[in-house]
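These notes concern the structure reproduced below.
The values are calculated or read from the model by the stated rules, or taken from the named source; none is laboratory data. All values derive from a computational prediction rather than experimental measurement. Neighbour counts are summed over all protein chains in view; Cβ atoms, including those assigned to glycine, are modelled from backbone coordinates with ideal geometry.
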Amino acid sequence: MTTSPLLRVDEIVAELWRMGSPANVAGMARYGVAAREALGISAVPLRALAKRIGRNHTLAGQLWATGIFEARLLAAFVAEPDRLTRREARTWAGDFENWADCDGVCIHFFRKAPFAHAFAVECSRRKREFVKRTGFTLMATLAVHDKPAADRVFLDYLPRIAEAASDERNGVKKAVNWALRQIGKRNPELQRAAIRAAESIRRQGTPAAKWIASDALRELKQFVPRKARG
């Protein structure tokens, strides 16, 4: 691979095809990463390619439009969060095909948008599996990365988490569980609130709710939040 800058989407797609591995595509499928078109490129070379490209929001949109799984992950690395519009975010979320593109875009891009918290709530109310997952993945990642956010922001997420806890779809219930655990690990107050929420969710009695609650309680009751560590 050369070190010259790449500025055209066709050049980048050609580079991605050269980097692809059919064996890796088969491995992705075993982990539930199903996509209409995937090339089998791991995150490390994608990040290296993103550094060559640099931040370029227009190019990110063009990469997304290719529909190629790795091109879309690359788009998340080179996109500019301050230029993201809600309409564009809704389009991308509606295009998610699996947990990996959803989580990758949320972690590396959506969570940095100025409206990330509002978008988390919006998506958590949607019906489509990976759009709904977007909401709870954002809640989880914002709980980890948005250090200045007030506790009230995350306390307000807990009713949405409880409402979605009976959704049996893997893409949703695992993200709901993730959000609940990460909120509870921010500090002692949120830990207590998350434990209460998990206990309430368990009383819903559905298979998804019981799994979410038991898994979260097992971790949260043992976890010592940073502010409480001696």
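To keep it simple, each residue is scored yes or no on (1) of a type in the set (A, V, I, L, M, F, W, C); (2) in contact (Cβ under 8 Å) with a residue 40 or more places away in the chain; (3) closer than 23 Å to THR66 by Cα; (4) assigned to a helix (DSSP H, G or I).
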site	(1), (2), (3), (4)
ALA76	yes, no, yes, yes
GLU97	no, yes, yes, no
ALA118	yes, no, no, yes
ALA149	yes, no, no, no
ARG160	no, no, no, yes
**Request:** Give segment 78-89 a look and list any residue that's without any contact (Cβ under 8 Å) to a residue 12 or more places away in the chain and not in a loop (DSSP other than H, G, I, E, B), or say none.
**Result:** ARG87
**Message:** Checking the condition buried (at least 20 other Cβ atoms within 10 Å of the Cβ), modelled with pLDDT of 95 or more and assigned to a helix (DSSP H, G or I), which residue from ILE107, ILE201 passes?
**Reply:** ILE201
**Message:** I'd like to check something: does segment 123-140 contain any residue that is within 22 Å of HIS108 (Cβ to Cβ), out of contact with any strand residue (DSSP E or B) (no Cβ under 7 Å at 6 or more places or on another chain) and not in a helix (DSSP H, G or I)?
**Reply:** yes
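Yes/no matrix, rows are residues, columns are (1) under 22 Å from GLY135 (Cα atoms); (2) of a type in the set (Val, Ile, Thr):
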{"position": "GLY27", "(1), (2)": "no, no"}
{"position": "TYR31", "(1), (2)": "yes, no"}
{"position": "ILE41", "(1), (2)": "no, yes"}
{"position": "ILE68", "(1), (2)": "no, yes"}
**Asked** Would a scan of segment 166-174 turn up a residue that is of a type in the set (Asp, Glu), within 29 Å of ASP95 (Cβ to Cβ) and without any contact (Cβ under 8 Å) to a residue 24 or more places away in the chain?
**Response** no
**Message:** Which numbered condition in (1) part of a loop (DSSP other than H, G, I, E, B); (2) at pLDDT below 95; (3) not β-branched (Val, Ile, Thr) is the only one that LYS227 fails?
**Reply:** (1)
**Request:** Kindly indicate the residue of segment 2-36 that is among the basic types (Lys, Arg) and at pLDDT 80 or above and also nearest to ALA75 (Cα to Cα) among those meeting that condition.
**Result:** ARG8
**Prompt:** Within segment 167-177, is even one residue exposed (fewer than 14 other Cβ atoms within 10 Å of the Cβ), at pLDDT 95 or above, in a helix (DSSP H, G or I) and not polar (S, T, N, Q)?
**Reply:** no
**Fill in**
Being among the small types (Gly, Ala, Ser), more than 16 Å from the chain's Cα centre (by Cα) and not in a helix (DSSP H, G or I) narrows ALA35, ALA50, ALA29 down to just ALA35
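Residue-wise test of (1) within 15 Å of the chain's Cα centre (by Cα); (2) surrounded by fewer than 18 Cβ atoms within 10 Å (Cβ to Cβ); (3) not hydrophobic (A, V, I, L, M, F, W, C).
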site: TRP17; (1), (2), (3): no, yes, no
site: ARG72; (1), (2), (3): yes, no, yes
site: ALA76; (1), (2), (3): yes, no, no
site: THR85; (1), (2), (3): no, yes, yes
site: PRO114; (1), (2), (3): no, yes, yes
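Where residues in segment 41-67 are among the polar types (S, T, N, Q) and loosely packed, with under 14 Cβ neighbours inside 10 Å, which of them is farthest from GLU88 (Cα to Cα)?
SER42
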